[in-house]
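Notes follow once the structure below has been shown.
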Amino acid sequence: MTTTVRTRVAIVGAGPAGLLLSHLLAQSGIESIVIDRRTRDEIESTIRAGILEQGTVELLDTIGPASRARTVGHRHDGIELRFEGEGHRIDFAETVGRAVWLYPQHEVLKDLIAARLAAGQDLRFGVTAERVEDGDRPRVIARDAEGRPFTIEAEFVVGSDGSRSVARAAVTGSSQGGYFREYPFAWFGILCEAPPSSEELIYSNSPDGFALVSQRSATVQRMYFQCDPDTDTAAFSEAQLWDELQKRVPGTELKQGPIFQRDVLRFRSFVAHELRRGRIALVGDAAHTVPPTGAKGMNLAIADVRLLAAALDALLLRGDERPLGAYPETASRRIWKAQHFSWWMTNLLHVAPDATDFDRRRQLGELRTVVESAHGRAYLAEAYCGWAWDA
C-alpha cells in the first residue's frame with residue numbers, strides 16, 4: 001500500500017543545493033520536503049573539496065551561527081600559478097577586492113543539515129526516488145528506508161540529486177539528456193597527515209603534468225596530480241606518490257607525511273539540454289557538472305538555487321510565473337561562463353596526452369600572458385572569486 005504525503009515543494013537530493021533551497025524557501029514561508037537516498041552519516045562523512053566564492057559564503061551566512069565557513073574555513077586572498085619553476089601570485093584583493101574560502105563541502109553539509117533540522121525541516125534520509133512525474137501537481141515516486149513505497153505530491157519538484165539524477169529524465173526526456181565532454185586525463189588525489197606546504201593553493205604547470213597543492217587544516221593536507229583516467233590508486237607506493245607530486249612542483253618543497261586516502265577524479269563537463277519542464281526544475285549537479293580546476297561546482301549550484309528560490313517565491317506566493325519562465329535562460333548564462341572558465345583553466349594548466357612541442361610553448365606563452373597582464377590577472381581573479389549575481 002502506497003502512502004501519499006503532500007507539500008508545496010518536493011526537493012530530491014540533500015546536497016548543498018537542495019538543503020540551501022529548503023532554507024531559502026522557509027525564509028519565504030514556503031513548506032518543503034527534502035529526501036535523499038543516503039544516510040545522514042554518509043552525507044556528512046564523504047570528504048570532498050570545497051572552495052567557496054565570496055557570494056556563496058555571504059548566502060551561507062543567512063543560516064546563522066550554524067554556518068562555520070568564516071570561523072572554521074580559511075579565507076584566501078590569492079592563488080599561485082607556478083610554471084617553469086617560478087611562482088606567480090594572483091592577488092584577489094588587489095585585482096577585484098574579493099576573496100574565497102577554503103571550506104570542504106562535507107563541512108558545508110554538516111552546517112546545513114544541523115540548521116535545517118533545528119528549524120523543523122522535513123528532511124528524510126535513506127529515501128530512494130524512483131522517478132518524477134510531471135503535471136499540475138507533480139509527484140515523486142519513492143521508497144523509504146525500509147523499502148516501503150510512498151509518493152510525494154507537490155506544487156513543484158526540484159531535482160538536486162547529483163550527476164546521476166533521477167529527476168533529470170522528467171525534464172530532458174532522458175537521464176543522459178545534455179551536452180557532454182570528457183577529458184583525456186584525471187586527478188590522482190591524496191589526503192595526508194602533514195603541515196601545510198603553502199599558505200595558499202598552488203596550481204602548477206610542469207612538463208610532467210599538472211599538480212595542485214591544497215590544504216585542509218594545520219595537520220591534514222590535500223594534493224592532486226594529473227594522471228590517466230584509468231590509473232589504479234594502488235599502483236603507487238607512498239614514496240612514488242611523493243616523488244610524482246614533488247617533480248611537478250619545482251621550486252616548492254612539499255611537506256610530506258603519511259597518506260591515508262587516495263582516489264582518482266575523472267574530468268567531465270555536462271549541461272542538461274533543459275533546466276525546467278512544467279513544474280519540475282533542475283539545480284546543481286543534476287543540471288551541470290564542471291571539471292574541478294576552476295572551483296565552480298558547488299558555487300554554481302548555489303547560484304542556481306538563489307535564482308530558483310526567488311522564482312518559486314514569485315510563483316507560489318504571488319502567482320507570478322515570469323521569474324520561473326526566465327530561470328533556464330538566466331541560469332544558463334552563468335553555467336556556460338563557468339563551463340568556459342573551467343575548460344580554460346583546465347587547458348591552461350594540464351598537459352594533453354598528444355601535446356606537441358608547439359603546444360607546450362604556446363601554453364607557456366598563455367600563462368605568461370595571464371600573469372604579466374593586469375587584465376589577465378583580473379579576469380582569472382574575477383572568475384575564480386565569482387561573478388556578480390545574476391538578476
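Here are some notes:
- For the criterion of being open to solvent by less than 50 Å² (accessible area, probe 1.4 Å) and in contact (Cβ under 8 Å) with a residue 24 or more places away in the chain, residue 343 fails.
- Residue within the range 70-90 that is assigned to a helix (DSSP H, G or I), surrounded by fewer than 22 Cβ atoms within 10 Å (Cβ to Cβ), among the small types (Gly, Ala, Ser) and in contact (Cβ under 8 Å) with a residue 24 or more places away in the chain present: no
- When the range 75-99 is filtered for residues that are in contact with a Phe, Trp or Tyr (Cβ under 7 Å, 6 or more places away or on another chain) and among the small types (Gly, Ala, Ser), the ones remaining, listed by number, are 78, 99.
- Unique match (being touching a strand residue (DSSP E or B) at 6+ places or on another chain (Cβ under 6 Å) and modelled with pLDDT under 95) among 91, 134: 134
- Meets criteria (within 26 Å of residue 29 (Cα to Cα) and over 17 Å from the mean Cα position of the chain (by Cα)) for residue 86: no
- Count of residues meeting criterion [outside any loop (DSSP other than H, G, I, E, B) and in contact (Cβ under 8 Å) with a residue 40 or more places away in the chain] in the range 349-371: 7
- Tally, over the range 15-61, of residues that are in a loop (DSSP other than H, G, I, E, B) and either closer than 12 Å to residue 108 by Cβ or among the β-branched types (Val, Ile, Thr) (or both): 8
- Among the residues of the range 163-187, those identified as part of a loop (DSSP other than H, G, I, E, B) and modelled with pLDDT of 95 or more are 165, 166, 167.
- In the range 98-149, residue farthest from residue 162 (Cα to Cα) [restricted to those that are surrounded by fewer than 17 Cβ atoms within 10 Å (Cβ to Cβ) and of a type in the set (Val, Ile, Thr)]: 141
The values are calculated or read from the model by the stated rules, or taken from the named source; none is laboratory data. These numbers were taken from a predicted model, which means no experiment stands behind them. Because the Cβ atoms are built from the backbone with ideal geometry, glycine has one as well, and the counts that use them run over all protein chains shown. Please note that ligands, DNA and RNA were not included when accessible areas were found on the heavy atoms of the full protein model with its side chains. Shrake-Rupley method; radii C 1.70, N 1.55, O 1.52, S 1.80 Å.
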